[in-house]
Amino acid sequence: MIKPVGAACNLDCEYCYYLPTHDLYERPSHRMSEETLENMFKTILPHFEDHVSICWQGGEPTLAGIEFFKKALAFQEKYKRPEQSIENSLQTNGTMLNDEWCEFLKENKFLVGLSCDGPPHLHDLYRYTVKQEPSSSMVMRGHKLLQKHGVEYNILCVLNNVNVKHPELVYNYILNLGSRFVQFIPAIEWEEPAENFTSGYPGENPPLKDISPDPEDYGRFLCKVFDLWNRHHRTHVSIQTIDVMLNQYLFSRSSLCIHSDSCHNQVTVEHDGSVYGCDHYVNSRWQLGHVSDKTWKPLTPPTPSTVPLTVSASPADARPEWEHSPFEKDWYQSLDTENFGDFATRKMNIPEDECGQCEFQRFCYGGCPKHRQHRGDKTEKTILCKGYKMFFAHAMPTLDEIARFYRHYGQLPPTEVEIERQQQLRADPGMMDRKVKPNEPCPCGSGLKFKKCCRNK
């Protein structure tokens, strides 16, 4: 993950976890320099695996400008190995997209993640401009441009205390935008003094912010979305949370760091070249290195007093093998490997008596440390525990059947609606001759427009 402009953004979303990092840097410019950009690919690419996924995030990464990204692609081509392939993705709020941007993204096969929190009356609750104006119309303008130019995109929806209570409305709205890949991210934010962020040490027992979704509301949201997906869309729509569970069933591993057993499968490079294990932990305590400065040393070397670590859910010697990461060991040696190891394994700092005996642990692994009251510094479970348990218990029986079908046939089983439609066709072969207009509700009952649903099957 690369942050070319750090936390700089043209929006001022109320729940943004990344804005506080803006105050960490003394430089007036929060744009990655060309020197840092080149050094990053020069020092990293030779040590990465044959397939490299690079995600450009912010802030708002398009603030770096098209010329910046053209140089980035040139450096990738210059320093990659002959057998190495690179896949670029860009997470954006969509408000700055224009024809030139979309032509560039299409030509260079960028996968675009577009942020949208549902219909305008829900999206605009917390996603507004720096002038505190609604942003939904600007986002939808960018969305239409992505469609116009045929740019591949998915939707990232942040769940807050309001839209989480409207799962069917949010889900159907997003699918009607034409995306078949959807992420639902809970806005888990804690009340704490701003100065605690730069030090990396949260206060005692901070409460959730009011904008955060209630854990049980989050569980109910996932259950409803799962039911809609399972009945109507499981053969042609990807929901990240569901995909993660299926991966566990089929391959016994998680495709998402949140539900992995450690935080070691990516690094974040800030605009100044500093390296961190995660963009939720961009502070001096967890800095791992610098792409341009091989003499870099930790500002606060880890000691038992500053890095409390208790691995209670698995044996202490069961730390993740770095061979399973997307990097080679040589590149790790230029980082603060001791700090990286502590950062990676503190994820399993969860209560053995509860989490260690939980039937859902292989799907959860304690969730994200950021979703715990003390961010992994104490032995505790995720604040979303009740929601996760509700969802896992609801989805597991069906996912078990889906996984068994997939192992046998190599594909997902047809949806309930598809099976019913086949039965109706046998009983009434002429039903498909009845014309349905593209913008009319789909006869299958999915809640989508016909052109966004069965017309494409």
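The values are calculated or read from the model by the stated rules, or taken from the named source; none is laboratory data. The shown structure was predicted, so the numbers you read here are calculated from the model rather than taken from an experiment. Neighbour counts run over all protein chains shown; Cβ positions are idealised from the backbone, glycine included.
For this structure, a couple of remarks:
- Close Cβ contacts (under 6 Å, 6 or more residues apart or on different chains) running from residues in the range 258-282 that are at positive phi to residues that are in a loop (DSSP other than H, G, I, E, B) and surrounded by fewer than 20 Cβ atoms within 10 Å (Cβ to Cβ) comprise G273/S292.
- Exactly one residue out of H22, H30 is of a type outside the set (F, W, Y), at pLDDT below 85 and surrounded by fewer than 20 Cβ atoms within 10 Å (Cβ to Cβ), and it is H22.
Table: residues versus (1) modelled with pLDDT of 90 or more; (2) among the hydrophobic types (A, V, I, L, M, F, W, C).
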{"position": "E38", "(1), (2)": "no, no"}
{"position": "D117", "(1), (2)": "yes, no"}
{"position": "S137", "(1), (2)": "yes, no"}
{"position": "M140", "(1), (2)": "yes, yes"}
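- Selection count where residues are within 21 Å of L169 (Cβ to Cβ), outside any helix (DSSP H, G or I) and of a type in the set (A, V, I, L, M), scope the range 203-225: 1
- The residues of the range 257-286 that are among the charged types (D, E, K, R) and closer than 19 Å to M32 by Cβ, listed by number, are E270, D272, D279.
- Boolean, D124 is surrounded by 20 or more Cβ atoms within 10 Å (Cβ to Cβ) and charged (D, E, K, R): no
- Just one residue in the set Y171, Y153 is modelled with pLDDT of 95 or more, closer than 25 Å to K452 by Cα and in contact with a Ser or Thr (Cβ under 8 Å, 6 or more places away or on another chain); that residue is Y153.
- Identity of the residue in the range 368-397, assigned to a loop (DSSP other than H, G, I, E, B) and in contact with a helix residue (DSSP H, G or I) (Cβ under 6 Å, 6 or more places away or on another chain), that ends up surrounded by the most Cβ atoms within 10 Å (Cβ to Cβ): L384
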